[in-house]
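Quick note: the coordinates plus some simple rules give every number you see, no bench work behind them. Worth saying up front: this structure is predicted, and the values here are computed from it rather than measured. Please note: Cβ atoms are built from the backbone with ideal geometry, for glycine as well, and neighbour counts cover all protein chains shown.
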Amino acid sequence: MGERGIGKAPELAIETVNLGKRLGVAWALQRVTMQVRPGERVAVVGPNGAGKSTLLRLLATLWKPSSGEVRLFGCSEPHAIPSLRRRLGYVGHNSLLYPQLTVAENLTFYAQLYGVQRAQERVDLLCDKLGLTGWRERPVRSLSRGLEQRTSLARALLHAPDLLLLDEPFTGLDTDASMRVTELVEQVSRAGATVLLATHDFTYAERLCERVVCLRAGTVVYDGPMERPLAGSYAAWVQTNGRREAGA
């Protein structure tokens, strides 16, 4: 590696500059400027329709911005998107799984797609950690919402991503499954991954994250350290029109 990186600050995991997304005639996201350092754990909160899912889809390179810019690991070039996606893990409202394939077939396919070394061991490990072992041979179309969600998380973690984007990952999960997911996300974070968690569940936000970004009507109204209890601060943020910075 030589002298690479000497005297230079680490590249940001995420940087957005005046990021915006128009859906039809309305702006779902406007003028979002933020920086996320490698290894940070950030909760993204806000009312329904605030732009949380839009933000994560843009960061996952699934959507193109209508304005502004997204840089991931210092790169914003369109030709770099395939290589950037190898560093991302994304769980959204769509599981991105093939419904006719079994759990094992889906995970094996994605492991091969990402070039995962010792793929079968990795699939076995994630199935065990997420309580999917007994469901491996079931087609995804026959799974409950919670089991499909767990399989989607396993898919996102197969290649040990540097950036994990989670959009309401606890939806449909029972208590045991929620604890499994929480522990796995904590392990991934300890290993150095950057985590963005969009959630309405403040308990998980407080446990997993050290920083919070609050969106309201597509704009950032707070970006700063996690405040505990979160519920009280959140109520104040979503009732104000102005942007509130940490310490303001």
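Our analysis of the stretch 42-115 gives Rg over Rh at 1.01, with the two radii drawn from alpha carbon positions and Rh computed by the Kirkwood formula.
Taking each residue as 0.36 nm, the span from T203 to L62 lengthens on full extension beyond its C-alpha to C-alpha distance by 47.9 nm.
In this label model, M34 and Q112 are separated by 3.7 nm, measuring between points 7 Å along each Cα→Cβ vector. Working from Cα pairs under 8 Å separated by at least six residues, relative contact order for the chain is 25 percent.
At L23 and D128, where each label point lies 7 Å from the Cα along Cα→Cβ, what is the point-to-point distance in nanometres? It is 4.0 nm. If R0 is taken as 35 Å, the Cβ-Cβ distance between M179 and E69 corresponds to a FRET efficiency of 0.40. Computed from Cα atoms, the angle from the helix 145-157 axis to the main principal axis of the chain rounds to 80 degrees.
Candidates L132, Q117, G146 compared by Cα position along the dipole of the stretch 94-163: farthest toward the positive end lies G146, with charges placed on Cβ.
Applying the criteria of a DSSP loop state and at most 14 other Cβ atoms within 10 Å to the GluC sites (Glu not before Pro) of the stretch 127-220 yields E137, E210.
Taking θ as phi - 60° and the Karplus parameters 6.51, -1.76 and 1.60, the scalar couplings of the stretch 104-114 work out to 5, 5, 4, 5, 5, 4, 5, 4, 5, 4, 8 Hz in sequence order, x denoting glycine and proline.
Projecting label points 7 angstrom from Cα along Cα→Cβ for S142 and E210 puts them 4.5 nm apart.
Applying the criteria of a DSSP loop state and at most 14 other Cβ atoms within 10 Å to the trypsin sites (Lys or Arg not before Pro) of the stretch 100-143 yields R118.
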